[in-house]
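S.K.: Below is a structure I'd like to ask you about.
The values are calculated or read from the model by the stated rules, or taken from the named source; none is laboratory data. Note that the coordinates shown come from a computational prediction; the quantities given were computed from them, not determined experimentally. Cβ coordinates were reconstructed from backbone atoms using ideal geometry, including for glycine residues, and neighbour counts include every protein chain displayed. Just so you know, the surface numbers come from the protein's heavy atoms only, side chains and all, with ligands and any DNA or RNA stripped out. Shrake-Rupley method; radii C 1.70, N 1.55, O 1.52, S 1.80 Å.
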Amino acid sequence: MQIATIAALVAVVLILLRLMTEQWLAWLNRQHVQQHATAVPEAFRGIIDEETYNKSVRYTLAKSRFGQVEEVYGTIVLLVVLFSGVLPWAFQFFQQTFGQSAWAMAAFLFSVMIALSLPGMPFDWYSQFRLEQRFGFNTTSQKTWWLDRLKGLLLGIVLGVPLLALILKIVEWTGAWWWLWAWGALFAFQMLMLVLAPVLILPLFNKFTPLPEGGLRDRLLSLARRTEFRAQSIQVMDGSKRSRHSNAFFTGFGGFRKIVLFDTLIQQLSEPELEAVLAHEIGHYKKKHIPKMLVFSAITSLIGFYAVAVLARQDWFYRAFGFEPGNIAPALLLFALLSGVITFWFSPLAHWWSRKHEYEADAFAAKVMNEPRSLIGALRKLNEKNLSNLTPHPLYSGFYYSHPAMLEREQALAQQPV
Ligand SMILES: [Zn+2]
């Protein structure tokens, strides 16, 4: 057997292995949820009423079944795209029509990625307007939903195509070490986006208004002072435009830093609870979680670029998927389509690390609040309002959860010395 054939077979096996693991974990989680579905579990009695608990079970099961169908469908689409010959055909078409310039190849990569996002769109639509709607979360109008997609597409054309063209130019300019230069360019672009996105991109999707003067604002500003957290302003974002789910975050750097609260969060929580949530966010900042994550993602993308550089030198990598060796663009495309089957197995590690950060931020919040009760109260309400799964299977939450399950967080908080 030729190496190219073996490589194609390995790709199929890896794709199917990921799908089977996803399906098995989803099944395991549903079994676990159903076993606890008959009555509100001991730990949650008096915290959550039976009706809300039942609703959270139904929401979890509905989302899980939907997710399973989506995964099977996505895998079939991926296999068809990889092995039907449609990609080499599209590549030929672009080369013959627009030539081999970096811009033509960037347009090829961008067009294919857009075309590949289309099969998933009905699922996104169904998820928002059927599933989320059924459980009372959806507040998005059809107009907003379609406009969001259009804006995303335009942003991709304005930002994504030039970035791709730059990376392809770097391949031409720098030779064997292109992957290091390309990585540097991507990293610089990401840094620039961290600064520009809050100012230029977020306002395209949401409205931000300063938190009005009053008790809440005074309370939050006093917390920021107490923790020596410099912030330019506290903004309220109209999250309710799309969903009843709620959140808080901060954007920008140094003197430009802004604290952002979803309007839905302000509606759902009391003032001390909001203060505790902000203290948690400040905790992420004080514990340097953001630079740590940046370094982690920079290392990951460096490994990624190096892997493409190595693969792009192997003829079998091209031939396995019907391409002729020689041009870097198909190698970049194949890597983008296939890297997920490898990174999937590392996601539990990344999620474990993220959960560790959540515990640290929780501990920080309890310390500056001098009590863990406000944060516990906020977490309880958020879990209730978001109909979170209160009884995930440990293997499932270990694999997928970026935040610890509510009970784990509450137990850790209750043990905090304050
Ligand atoms: Zn957090």
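S.K.: Could you please tell me which pairs satisfy a Cβ distance under 8 Å, a separation of 6+ or placement on different chains, a first residue in the range 282-306 that is part of a helix (DSSP H, G or I) and open to solvent by less than 60 Å² (accessible area, probe 1.4 Å), and a second residue that is of a type in the set (Phe, Trp, Tyr) and within 16 Å of the ligand (Cβ to nearest atom)?
M.R.: Close Cβ pairs satisfying both conditions: 282/229; 282/364; 283/364.
S.K.: Give me the helices (runs of 4 or more DSSP H) completely within the range 68-151, filtered to those with at least 1 residues that are more than 30 Å from residue 241 (Cβ to Cβ), ordered by residue number. Lay out the reasoning, then the answer.
M.R.: Numbers: elements: 86-98, 102-117, 121-126.
It comes to 86-98, 102-117.
S.K.: Turning to a different aspect of this structure: Mind checking whether some residue in the range 264-278 is more than 13 Å from the ligand (Cβ to nearest atom), in a strand (DSSP E or B) and within 27 Å of residue 372 (Cβ to Cβ)?
M.R.: Checking the range 264-278: not a single residue is more than 13 Å from the ligand (Cβ to nearest atom), in a strand (DSSP E or B) and within 27 Å of residue 372 (Cβ to Cβ).
S.K.: From the set of residues in the range 70-89 that are within 27 Å of the chain's Cα centre (by Cα) and without any contact (Cβ under 8 Å) to a residue 40 or more places away in the chain, which is farthest from residue 332 (Cα to Cα)?
M.R.: 76
S.K.: Another question, then. Can you report the number of residues in the range 314-373 which are away from the ligand (no atom under 16 Å from the Cβ) and assigned to a helix (DSSP H, G or I)? Give the derivation first.
M.R.: Filtering the range 314-373 down to residues away from the ligand (no atom under 16 Å from the Cβ) leaves 314-349, 370-371, 373.
Within this subset, residues satisfying the condition of being assigned to a helix (DSSP H, G or I) are 315-319, 328-338, 340-349, 373.
Final tally of qualifying residues: 27.
S.K.: Looking only at the range 72-104, how many residues end up being of a type outside the set (S, T, N, Q) and open to solvent by 50 Å² or more (accessible area, probe 1.4 Å)? It would help to see each step written out before you state the result.
M.R.: Pass one, the range 72-104, residues of a type outside the set (S, T, N, Q): 72-74, 76-83, 85-91, 93-94, 98-99, 102-104.
Among the residues that remain, those that are also open to solvent by 50 Å² or more (accessible area, probe 1.4 Å) are: 72-73, 76, 80, 83, 86, 89, 93, 98, 103.
The total comes to 10.
S.K.: Mind checking which pairs have a first residue in the range 117-146 that is closer than 22 Å to residue 56 by Cβ and a second that is outside any helix (DSSP H, G or I) and open to solvent by 30 Å² or more (accessible area, probe 1.4 Å), Cβ under 7 Å, 6 or more apart or different chains?
M.R.: Every condition considered, the pairs that remain are 136/244; 137/244; 137/245; 139/242; 139/244; 140/242.
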